[in-house]
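The values are calculated or read from the model by the stated rules, or taken from the named source; none is laboratory data. All figures in this text were calculated on a predicted structure; none of them were measured in a lab. In this analysis, Cβ positions are derived from the backbone assuming ideal geometry, glycine residues included, and neighbour counts consider all displayed protein chains. These area figures cover heavy atoms from the full protein model, side chains too; ligands, DNA and RNA do not enter into them. Shrake-Rupley method; radii C 1.70, N 1.55, O 1.52, S 1.80 Å.
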Amino acid sequence: MAANTGTVVELVGSNEQTILPEWVDLQKKAGSLQTGRISEGELLSQSREFLHLLRDGLARGGTDASNPAYGPAKQLLADISRSRALQGFSPGETATFIFSLKQPLFNTLNRNTALSPAQASELTWSVTLLLDELGIFTLEVFQKSREEVIVRQQREIAELSTPVVKLWDGVLALPLIGTLDSQRTQVVMENLLQTIVETEAQIAIIDITGVPTVDTLTAQHLLKTVAAARLMGADCIISGIRPQIAQTMVHLGVELNVVSKATLADAFAVALDRTGRAVIKLRKTAAGSDKNLKPVEKGL
Amino acid sequence: MDRIPILKFGNALLVTIQVDMHDRLATALEEDLTSKIVEHNAKGVLIDISALEIVDSFIGRMLDNIAAVSRILDADTVVVGMRPAVAITLVELGLSLTGVKTALNVERGMELIKARLRTSDTDEEDDVEE
(Lines give C-alpha, C1' and ligand atoms only; values in the text may rest on other atoms or scores of the structure.)
Protein backbone atom coordinates (compact mmCIF):
# COMPACT_ATOMS: atom_id res chain seq x y z
CA MET A 1 0.00 0.00 0.00
CA ALA A 2 2.80 2.40 0.96
CA ALA A 3 4.56 1.63 -2.27
CA ASN A 4 1.33 2.24 -4.14
CA THR A 5 0.70 5.65 -2.67
CA GLY A 6 4.36 6.39 -3.26
CA THR A 7 3.64 5.77 -6.93
CA VAL A 8 0.72 8.17 -6.86
CA VAL A 9 2.83 10.84 -5.14
CA GLU A 10 5.49 10.38 -7.76
CA LEU A 11 2.97 10.49 -10.56
CA VAL A 12 1.25 13.58 -9.23
CA GLY A 13 4.59 15.27 -8.63
CA SER A 14 6.16 14.51 -11.99
CA ASN A 15 3.03 14.98 -14.09
CA GLU A 16 1.87 18.25 -12.57
CA GLN A 17 2.47 19.97 -15.88
CA THR A 18 -0.06 17.69 -17.61
CA ILE A 19 -2.54 17.23 -14.75
CA LEU A 20 -2.95 20.91 -14.00
CA PRO A 21 -3.90 22.16 -17.49
CA GLU A 22 -6.17 19.16 -18.01
CA TRP A 23 -7.88 19.77 -14.70
CA VAL A 24 -8.33 23.51 -15.26
CA ASP A 25 -9.65 22.78 -18.75
CA LEU A 26 -12.24 20.41 -17.33
CA GLN A 27 -13.30 22.97 -14.75
CA LYS A 28 -13.65 25.55 -17.49
CA LYS A 29 -15.69 23.12 -19.55
CA ALA A 30 -17.94 22.52 -16.54
CA GLY A 31 -18.65 26.24 -16.59
CA SER A 32 -16.71 27.43 -13.56
CA LEU A 33 -15.68 30.62 -15.33
CA GLN A 34 -18.94 31.33 -17.15
CA THR A 35 -20.58 33.17 -14.32
CA GLY A 36 -17.66 35.60 -14.17
CA ARG A 37 -17.42 35.32 -10.41
CA ILE A 38 -13.88 34.03 -10.53
CA SER A 39 -11.02 34.80 -12.92
CA GLU A 40 -8.99 32.23 -14.84
CA GLY A 41 -5.82 33.24 -13.02
CA GLU A 42 -7.50 32.74 -9.69
CA LEU A 43 -8.79 29.33 -10.71
CA LEU A 44 -5.34 28.33 -11.94
CA SER A 45 -3.58 29.40 -8.75
CA GLN A 46 -6.22 27.72 -6.55
CA SER A 47 -5.87 24.52 -8.57
CA ARG A 48 -2.08 24.59 -8.48
CA GLU A 49 -1.98 25.21 -4.75
CA PHE A 50 -4.44 22.42 -4.07
CA LEU A 51 -2.49 20.00 -6.22
CA HIS A 52 0.67 20.76 -4.22
CA LEU A 53 -1.11 20.29 -0.92
CA LEU A 54 -2.71 17.09 -2.17
CA ARG A 55 0.70 15.77 -3.13
CA ASP A 56 2.03 16.62 0.35
CA GLY A 57 -0.96 14.91 1.89
CA LEU A 58 -0.46 11.80 -0.23
CA ALA A 59 3.24 11.73 0.62
CA ARG A 60 2.71 11.94 4.36
CA GLY A 61 -0.76 10.57 4.94
CA GLY A 62 -1.39 7.97 2.27
CA THR A 63 -4.85 7.89 0.77
CA ASP A 64 -6.66 8.26 4.08
CA ALA A 65 -8.38 11.65 3.99
CA SER A 66 -8.88 11.73 7.77
CA ASN A 67 -5.10 11.72 8.27
CA PRO A 68 -3.85 14.98 9.83
CA ALA A 69 -1.42 15.29 6.89
CA TYR A 70 -4.41 16.43 4.84
CA GLY A 71 -5.00 19.36 7.20
CA PRO A 72 -3.55 22.04 4.89
CA ALA A 73 -5.33 20.61 1.84
CA LYS A 74 -8.63 20.54 3.71
CA GLN A 75 -8.02 24.05 5.00
CA LEU A 76 -7.56 25.26 1.43
CA LEU A 77 -10.67 23.40 0.32
CA ALA A 78 -12.63 24.93 3.19
CA ASP A 79 -11.43 28.42 2.24
CA ILE A 80 -12.30 27.91 -1.42
CA SER A 81 -15.65 26.38 -0.56
CA ARG A 82 -16.51 29.15 1.88
CA SER A 83 -15.57 31.93 -0.51
CA ARG A 84 -17.57 30.26 -3.30
CA ALA A 85 -20.58 29.91 -1.02
CA LEU A 86 -20.40 33.65 -0.31
CA GLN A 87 -19.91 34.46 -4.00
CA GLY A 88 -23.11 32.61 -4.81
CA PHE A 89 -21.77 29.49 -6.55
CA SER A 90 -24.14 26.57 -6.70
CA PRO A 91 -23.24 23.41 -4.72
CA GLY A 92 -22.66 21.59 -8.02
CA GLU A 93 -20.21 24.22 -9.28
CA THR A 94 -18.33 24.07 -6.00
CA ALA A 95 -18.17 20.27 -6.01
CA THR A 96 -16.91 20.31 -9.61
CA PHE A 97 -13.65 21.80 -8.36
CA ILE A 98 -12.66 18.60 -6.61
CA PHE A 99 -14.51 15.99 -8.68
CA SER A 100 -13.11 17.20 -11.99
CA LEU A 101 -9.67 16.30 -10.68
CA LYS A 102 -10.55 12.62 -10.99
CA GLN A 103 -10.23 12.37 -14.75
CA PRO A 104 -6.78 13.95 -15.07
CA LEU A 105 -5.50 11.77 -12.24
CA PHE A 106 -6.88 8.58 -13.78
CA ASN A 107 -5.53 9.54 -17.18
CA THR A 108 -2.11 9.95 -15.61
CA LEU A 109 -2.40 6.56 -13.89
CA ASN A 110 -3.44 4.94 -17.17
CA ARG A 111 -0.63 6.54 -19.12
CA ASN A 112 1.85 5.00 -16.71
CA THR A 113 2.64 1.70 -18.40
CA ALA A 114 4.84 0.51 -15.56
CA LEU A 115 1.74 -0.40 -13.51
CA SER A 116 0.08 -3.77 -13.83
CA PRO A 117 -3.71 -3.66 -14.45
CA ALA A 118 -4.35 -4.93 -10.92
CA GLN A 119 -2.13 -2.24 -9.41
CA ALA A 120 -3.71 0.42 -11.59
CA SER A 121 -7.24 -0.54 -10.59
CA GLU A 122 -6.28 -0.68 -6.93
CA LEU A 123 -4.72 2.76 -7.12
CA THR A 124 -7.71 4.10 -9.01
CA TRP A 125 -9.99 2.81 -6.29
CA SER A 126 -8.05 4.32 -3.42
CA VAL A 127 -7.70 7.66 -5.20
CA THR A 128 -11.44 7.65 -5.92
CA LEU A 129 -12.17 7.09 -2.25
CA LEU A 130 -9.83 9.92 -1.29
CA LEU A 131 -11.31 12.39 -3.76
CA ASP A 132 -14.88 11.43 -2.82
CA GLU A 133 -14.12 12.06 0.80
CA LEU A 134 -12.55 15.41 0.01
CA GLY A 135 -15.56 16.21 -2.18
CA ILE A 136 -17.99 15.46 0.63
CA PHE A 137 -15.89 17.61 2.93
CA THR A 138 -16.09 20.46 0.42
CA LEU A 139 -19.85 20.20 0.22
CA GLU A 140 -20.18 20.09 3.99
CA VAL A 141 -18.21 23.29 4.34
CA PHE A 142 -20.21 24.83 1.52
CA GLN A 143 -23.47 23.95 3.22
CA LYS A 144 -22.27 25.25 6.56
CA SER A 145 -21.16 28.54 5.03
CA ARG A 146 -24.51 28.98 3.35
CA GLU A 147 -26.27 28.34 6.64
CA GLU A 148 -24.08 30.92 8.33
CA VAL A 149 -25.05 33.43 5.65
CA ILE A 150 -28.73 32.68 6.18
CA VAL A 151 -28.47 33.01 9.96
CA ARG A 152 -26.65 36.32 9.60
CA GLN A 153 -29.24 37.63 7.19
CA GLN A 154 -32.06 36.58 9.47
CA ARG A 155 -30.45 38.43 12.33
CA GLU A 156 -29.98 41.53 10.22
CA ILE A 157 -33.56 41.43 9.01
CA ALA A 158 -34.77 41.07 12.58
CA GLU A 159 -32.72 44.07 13.64
CA LEU A 160 -33.59 46.21 10.65
CA SER A 161 -37.28 45.61 10.63
CA THR A 162 -38.16 46.55 14.18
CA PRO A 163 -37.51 50.27 14.61
CA VAL A 164 -39.36 52.28 17.21
CA VAL A 165 -39.93 55.83 16.02
CA LYS A 166 -40.85 58.81 18.13
CA LEU A 167 -43.62 60.72 16.36
CA TRP A 168 -44.23 63.36 18.98
CA ASP A 169 -43.68 63.90 22.68
CA GLY A 170 -45.16 60.82 24.27
CA VAL A 171 -46.24 59.23 20.99
CA LEU A 172 -44.30 56.31 19.53
CA ALA A 173 -44.77 54.49 16.24
CA LEU A 174 -43.78 50.92 15.62
CA PRO A 175 -43.90 50.17 11.90
CA LEU A 176 -43.78 46.40 11.60
CA ILE A 177 -42.50 44.89 8.36
CA GLY A 178 -42.49 41.18 7.60
CA THR A 179 -43.97 38.15 9.26
CA LEU A 180 -44.38 38.25 13.02
CA ASP A 181 -43.07 35.07 14.61
CA SER A 182 -42.53 34.58 18.30
CA GLN A 183 -38.83 35.38 18.11
CA ARG A 184 -39.42 38.69 16.37
CA THR A 185 -42.28 39.54 18.67
CA GLN A 186 -39.85 39.20 21.54
CA VAL A 187 -37.44 41.66 19.90
CA VAL A 188 -40.26 44.06 19.02
CA MET A 189 -41.63 43.90 22.55
CA GLU A 190 -38.27 44.53 24.18
CA ASN A 191 -37.52 47.43 21.84
CA LEU A 192 -40.91 48.99 22.40
CA LEU A 193 -40.87 48.68 26.19
CA GLN A 194 -37.33 50.03 26.41
CA THR A 195 -38.26 53.02 24.26
CA ILE A 196 -41.39 53.63 26.34
CA VAL A 197 -39.17 53.89 29.42
CA GLU A 198 -36.66 56.16 27.66
CA THR A 199 -39.13 58.57 26.06
CA GLU A 200 -41.85 58.34 28.73
CA ALA A 201 -44.34 57.67 25.97
CA GLN A 202 -48.04 57.38 26.73
CA ILE A 203 -49.21 56.09 23.39
CA ALA A 204 -47.68 53.58 21.01
CA ILE A 205 -49.01 53.12 17.50
CA ILE A 206 -48.34 49.67 16.08
CA ASP A 207 -48.52 49.93 12.30
CA ILE A 208 -48.92 46.57 10.56
CA THR A 209 -49.07 47.83 6.98
CA GLY A 210 -45.96 45.77 6.24
CA VAL A 211 -47.20 42.55 7.79
CA PRO A 212 -48.26 40.28 4.93
CA THR A 213 -50.58 37.96 6.84
CA VAL A 214 -52.29 38.00 10.19
CA ASP A 215 -53.32 34.62 11.53
CA THR A 216 -54.38 33.64 15.01
CA LEU A 217 -50.77 33.29 16.13
CA THR A 218 -49.74 36.71 14.82
CA ALA A 219 -52.77 38.24 16.46
CA GLN A 220 -51.81 36.63 19.73
CA HIS A 221 -48.32 38.07 19.43
CA LEU A 222 -49.74 41.51 18.74
CA LEU A 223 -52.02 41.25 21.74
CA LYS A 224 -49.09 40.22 23.92
CA THR A 225 -47.18 43.29 22.84
CA VAL A 226 -50.20 45.49 23.52
CA ALA A 227 -50.68 43.93 26.96
CA ALA A 228 -47.01 44.41 27.86
CA ALA A 229 -47.10 48.05 26.76
CA ARG A 230 -50.23 48.58 28.84
CA LEU A 231 -48.49 47.18 31.90
CA MET A 232 -45.87 49.87 31.36
CA GLY A 233 -48.61 52.49 31.34
CA ALA A 234 -48.75 53.08 27.59
CA ASP A 235 -51.85 52.67 25.43
CA CYS A 236 -51.56 50.99 22.05
CA ILE A 237 -53.33 51.74 18.82
CA ILE A 238 -53.08 49.33 15.91
CA SER A 239 -53.11 50.83 12.45
CA GLY A 240 -52.61 49.80 8.86
CA ILE A 241 -54.75 46.69 8.75
CA ARG A 242 -55.30 46.11 5.03
CA PRO A 243 -58.78 45.28 3.74
CA GLN A 244 -57.95 41.67 2.85
CA ILE A 245 -56.29 41.15 6.22
CA ALA A 246 -59.29 42.60 8.02
CA GLN A 247 -61.50 40.15 6.13
CA THR A 248 -59.21 37.21 6.88
CA MET A 249 -59.16 38.13 10.55
CA VAL A 250 -62.94 38.21 10.74
CA HIS A 251 -63.20 34.89 8.89
CA LEU A 252 -60.68 33.32 11.24
CA GLY A 253 -62.52 34.69 14.22
CA VAL A 254 -59.46 36.62 15.37
CA GLU A 255 -60.39 39.41 17.70
CA LEU A 256 -58.15 42.31 18.53
CA ASN A 257 -59.67 44.03 21.51
CA VAL A 258 -57.60 47.11 20.88
CA VAL A 259 -58.30 50.48 19.35
CA SER A 260 -57.53 50.07 15.67
CA LYS A 261 -57.45 52.62 12.88
CA ALA A 262 -57.18 52.15 9.14
CA THR A 263 -54.12 54.33 8.62
CA LEU A 264 -51.17 55.58 10.62
CA ALA A 265 -52.42 59.14 10.07
CA ASP A 266 -55.75 58.36 11.71
CA ALA A 267 -54.02 56.66 14.61
CA PHE A 268 -51.70 59.64 15.02
CA ALA A 269 -54.70 61.98 15.10
CA VAL A 270 -56.22 59.90 17.90
CA ALA A 271 -52.91 59.90 19.76
CA LEU A 272 -52.67 63.69 19.52
CA ASP A 273 -56.25 64.06 20.64
CA ARG A 274 -55.64 61.86 23.69
CA THR A 275 -52.56 63.83 24.68
CA GLY A 276 -54.58 67.03 24.37
CA ARG A 277 -53.10 68.25 21.11
CA ALA A 278 -54.36 68.92 17.62
CA VAL A 279 -52.86 69.83 14.29
CA ILE A 280 -54.31 73.08 12.96
CA LYS A 281 -53.98 74.96 9.73
CA LEU A 282 -52.33 78.31 10.24
CA ARG A 283 -53.21 79.96 6.95
CA LYS A 284 -54.68 79.23 3.61
CA THR A 285 -52.10 77.88 1.24
CA ALA A 286 -51.99 76.90 -2.40
CA ALA A 287 -54.14 73.83 -2.89
CA GLY A 288 -52.43 70.58 -2.12
CA SER A 289 -49.14 72.06 -0.96
CA ASP A 290 -49.58 70.87 2.58
CA LYS A 291 -52.29 68.32 2.70
CA ASN A 292 -51.12 66.89 5.96
CA LEU A 293 -51.76 70.12 7.79
CA LYS A 294 -55.50 70.00 7.60
CA PRO A 295 -57.14 70.43 10.98
CA VAL A 296 -57.99 67.46 13.09
CA GLU A 297 -61.73 67.14 13.29
CA LYS A 298 -63.37 66.74 16.63
CA GLY A 299 -64.63 63.35 17.62
CA LEU A 300 -62.24 61.33 15.51
CA MET B 1 -42.08 39.51 60.17
CA ASP B 2 -41.53 42.78 58.34
CA ARG B 3 -44.33 44.50 56.53
CA ILE B 4 -44.48 46.86 53.61
CA PRO B 5 -45.35 50.40 54.75
CA ILE B 6 -48.52 51.98 53.43
CA LEU B 7 -48.49 55.78 53.25
CA LYS B 8 -51.56 57.95 53.13
CA PHE B 9 -51.80 61.14 51.14
CA GLY B 10 -55.15 62.81 50.90
CA ASN B 11 -57.67 60.23 49.88
CA ALA B 12 -55.11 57.95 48.35
CA LEU B 13 -52.69 55.33 49.62
CA LEU B 14 -49.12 54.92 48.45
CA VAL B 15 -47.27 51.61 48.56
CA THR B 16 -43.66 51.37 47.48
CA ILE B 17 -42.34 47.87 47.22
CA GLN B 18 -38.61 48.10 47.84
CA VAL B 19 -37.78 44.54 48.76
CA ASP B 20 -38.10 41.25 46.97
CA MET B 21 -41.62 40.02 47.54
CA HIS B 22 -42.11 36.66 49.08
CA ASP B 23 -45.51 35.07 49.26
CA ARG B 24 -46.26 35.76 52.91
CA LEU B 25 -45.26 39.40 52.53
CA ALA B 26 -47.62 39.66 49.59
CA THR B 27 -50.53 38.19 51.52
CA ALA B 28 -49.83 40.52 54.43
CA LEU B 29 -49.75 43.51 52.09
CA GLU B 30 -53.08 42.48 50.60
CA GLU B 31 -54.67 42.33 54.06
CA ASP B 32 -53.12 45.55 55.33
CA LEU B 33 -54.12 47.43 52.23
CA THR B 34 -57.72 46.24 52.44
CA SER B 35 -58.10 47.42 56.01
CA LYS B 36 -56.33 50.74 55.31
CA ILE B 37 -58.63 51.48 52.38
CA VAL B 38 -61.63 51.14 54.64
CA GLU B 39 -59.94 52.96 57.55
CA HIS B 40 -58.96 56.02 55.50
CA ASN B 41 -61.86 55.87 53.06
CA ALA B 42 -59.26 55.87 50.28
CA LYS B 43 -60.31 56.38 46.68
CA GLY B 44 -57.01 55.52 45.08
CA VAL B 45 -54.15 53.08 45.65
CA LEU B 46 -50.78 53.67 44.04
CA ILE B 47 -48.40 50.71 44.01
CA ASP B 48 -44.85 51.48 42.92
CA ILE B 49 -43.02 48.36 41.79
CA SER B 50 -40.07 50.06 40.10
CA ALA B 51 -37.65 48.33 42.49
CA LEU B 52 -39.16 44.92 41.85
CA GLU B 53 -36.97 42.87 39.57
CA ILE B 54 -38.60 39.48 39.88
CA VAL B 55 -42.33 38.94 39.61
CA ASP B 56 -43.84 35.49 39.64
CA SER B 57 -47.39 34.40 39.02
CA PHE B 58 -48.22 34.68 42.71
CA ILE B 59 -47.24 38.35 42.90
CA GLY B 60 -49.04 38.95 39.61
CA ARG B 61 -52.18 37.45 41.04
CA MET B 62 -51.75 39.46 44.23
CA LEU B 63 -51.75 42.67 42.18
CA ASP B 64 -54.89 41.52 40.41
CA ASN B 65 -56.51 40.62 43.75
CA ILE B 66 -55.64 43.96 45.32
CA ALA B 67 -57.19 45.70 42.33
CA ALA B 68 -60.35 43.60 42.57
CA VAL B 69 -60.69 44.18 46.32
CA SER B 70 -60.06 47.91 45.95
CA ARG B 71 -62.66 48.12 43.23
CA ILE B 72 -65.24 46.57 45.53
CA LEU B 73 -64.28 49.12 48.17
CA ASP B 74 -64.56 51.92 45.58
CA ALA B 75 -60.88 52.67 45.16
CA ASP B 76 -58.83 52.70 41.95
CA THR B 77 -55.55 50.80 41.83
CA VAL B 78 -52.68 52.12 39.77
CA VAL B 79 -49.52 50.06 39.36
CA VAL B 80 -46.56 52.20 38.36
CA GLY B 81 -42.93 51.77 37.36
CA MET B 82 -43.04 48.26 36.01
CA ARG B 83 -39.79 47.23 34.37
CA PRO B 84 -39.84 46.03 30.74
CA ALA B 85 -38.56 42.58 31.71
CA VAL B 86 -41.26 42.26 34.35
CA ALA B 87 -43.95 43.33 31.89
CA ILE B 88 -42.81 40.72 29.38
CA THR B 89 -42.73 38.03 32.08
CA LEU B 90 -46.25 38.84 33.23
CA VAL B 91 -47.59 38.76 29.69
CA GLU B 92 -45.86 35.45 29.03
CA LEU B 93 -47.40 34.10 32.23
CA GLY B 94 -50.77 35.09 30.83
CA LEU B 95 -51.35 37.76 33.48
CA SER B 96 -52.15 40.99 31.71
CA LEU B 97 -53.68 42.55 34.87
CA THR B 98 -56.73 43.76 33.01
CA GLY B 99 -58.37 45.10 36.16
CA VAL B 100 -55.41 47.26 37.10
CA LYS B 101 -54.61 50.73 35.83
CA THR B 102 -50.98 51.25 34.95
CA ALA B 103 -48.66 54.20 34.54
CA LEU B 104 -45.03 54.61 33.61
CA ASN B 105 -43.89 56.36 36.79
CA VAL B 106 -45.18 57.69 40.10
CA GLU B 107 -45.80 61.14 38.61
CA ARG B 108 -48.08 59.77 35.91
CA GLY B 109 -49.78 57.50 38.41
CA MET B 110 -50.49 60.45 40.70
CA GLU B 111 -52.10 62.27 37.80
CA LEU B 112 -54.40 59.32 37.19
CA ILE B 113 -55.40 59.17 40.85
CA LYS B 114 -55.88 62.93 41.09
CA ALA B 115 -58.13 62.80 38.05
CA ARG B 116 -60.16 60.11 39.80
CA LEU B 117 -60.28 62.10 43.04
CA ARG B 118 -61.44 65.18 41.14
CA THR B 119 -64.34 63.33 39.53
CA SER B 120 -65.41 61.69 42.78
CA ASP B 121 -65.06 65.09 44.43
CA THR B 122 -67.83 66.47 42.31
CA ASP B 123 -70.18 63.62 43.25
CA GLU B 124 -69.54 63.57 46.96
CA GLU B 125 -69.07 66.29 49.54
CA ASP B 126 -65.77 64.79 50.69
CA ASP B 127 -63.14 67.46 50.92
CA VAL B 128 -59.84 66.74 49.29
CA GLU B 129 -56.86 69.01 49.39
CA GLU B 130 -55.41 69.93 46.02
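Only one residue of A:G135, A:T218, A:L115 has its Cα farthest out toward the positive end of the dipole of the range A:96-250, where Lys and Arg carry +1 and Asp and Glu -1 on Cβ, and that residue is A:L115.
If R₀ is 30 angstrom, what is the calculated FRET efficiency for the pair A:T213 and A:Q143, using the beta carbon separation as r and rounding to 0.05? All intermediate terms of the calculation are to be shown ahead of the outcome.
Numbers: r = 30 Å, r/R0 = 1.00.
For A:T213 and A:Q143, the calculated efficiency is 0.50.
What whole-number value in Å² describes the accessible area per residue of the protein assembly as shown for a 1.4 Å probe? Write out the running numbers ahead of the final one.
Numbers: 22440 Å² over 430 residues.
Each residue of the protein assembly as shown exposes 52 Å² on average to a 1.4 Å probe.
At q = 0.06, 0.07, 0.08 Å⁻¹ the log10 of I(q)/I(0) for the protein assembly as shown amounts to -0.51, -0.60, -0.67, computed by Debye summation with a single uniform scatterer per C-alpha, solvent ignored. Treating r as the C-beta distance of A:V165 and B:R61 and R0 as 45 Å, the FRET efficiency rounds to 0.80.
Here's how it looks for B:D48: its modeled amide H is under 5 Å from those of B:V15, B:T16, B:I17, B:V80, which are all 5 or more places away or on a different chain.
Surface calculation, 1.4 Å probe, protein heavy atoms: B:E30 sits at approximately 50 Å² accessible. Out of the DSSP beta bridges found with both residues in chain A, what percent are antiparallel (nearest 5)? Percentage antiparallel, nearest 5: 20. Calculate the length of the line joining the C-alpha centroid of the range A:256-281 to that of the range A:16-79, in whole Å. If we compute the Cα centre of each part, the gap is 65 Å.
If R₀ is 35 angstrom, what is the calculated FRET efficiency for the pair A:N67 and A:D181, using the beta carbon separation as r and rounding to 0.05?
Details: r = 45 Å, r/R0 = 1.28.
After rounding to 0.05, the efficiency reads 0.20.
Taking amide H as placed 1.01 Å from N in the peptide plane, A:R277 has no amide H partner under 5 Å among residues 5 or more places away or on another chain. Close amide H contacts of A:S260 (hydrogens built in the peptide plane, cut-off under 5 Å, sequence separation of 5 or more or a different chain): A:I238.
For B:S120, the solvent-accessible surface computed with a 1.4 Å probe is close to 10 Å², ligands and nucleic acids excluded. Take A:E255: with every protein chain present and a 1.4 Å probe, its accessible area is about 130 Å². Here the Karplus curve 6.51 cos²θ - 1.76 cosθ + 1.60, taken at θ = phi - 60°, turns the phi angles of the range A:211-226 into couplings of 8, x, 9, 10, 10, 4, 5, 4, 4, 4, 5, 4, 5, 4, 4, 4 Hz, with x standing for Gly and Pro. The value of relative contact order for the range A:15-127, using C-alpha pairs under 8 Å at least six residues apart, is 31 percent. Only counting protein heavy atoms at a 1.4 Å probe, give the residues of the range B:88-111, ordered by number, whose accessible area falls by 40 Å² or more when the other protein chains are present relative to the chain alone. Checking the loss per residue gives B:I88, B:V91, B:E92, B:S96, B:T102, B:L104, B:R108.
For the range A:171-183, 3J(HN,Hα) computed residue by residue from phi via the Karplus equation (6.51, -1.76, 1.60; θ = phi - 60°) reads 10, 10, 10, 10, x, 8, 10, x, 5, 9, 9, 5, 5 Hz, glycine and proline entered as x. Dipole orientation for chain B: of the candidates B:L95, B:I47, B:L14, B:L95 has the Cα lying most toward the positive pole (charges on Cβ; Lys, Arg +1; Asp, Glu -1).
Counting Lys and Arg as +1 and Asp and Glu as -1, what is the net charge of the other residues whose Cβ lies under 12 Å from the Cβ of B:P84? Numbers along the way, then the final one.
Details: positive: B:R83; negative: A:E190, A:E198, B:E53.
Every neighbour counted, the sum reads -2.
Roughly to the nearest percent, how much of the accessible area of the range A:165-293 is carbon and sulfur, given a 1.4 Å probe? That fraction is 54 percent. Here is the size of chain B from its Cα atoms: Rg then Dmax, 14.2, 44 Å.
Here is the P(r) of the range A:110-253: all C-alpha pair distances, binned every 5 Å from 0, give 2, 9, 14, 14, 11, 8, 6, 4, 4, 4, 4, 4, 4, 4, 4, 3, 2, 0 in whole percents. Only one residue of A:F89, A:G71, A:G6 has its Cα farthest out toward the positive end of the dipole of the range A:2-156, where Lys and Arg carry +1 and Asp and Glu -1 on Cβ, and that residue is A:F89. Here the range A:165-293 is treated with +1 on each Lys and Arg Cβ and -1 on each Asp and Glu Cβ, and its dipole about the Cα centre works out to around 520 debye.
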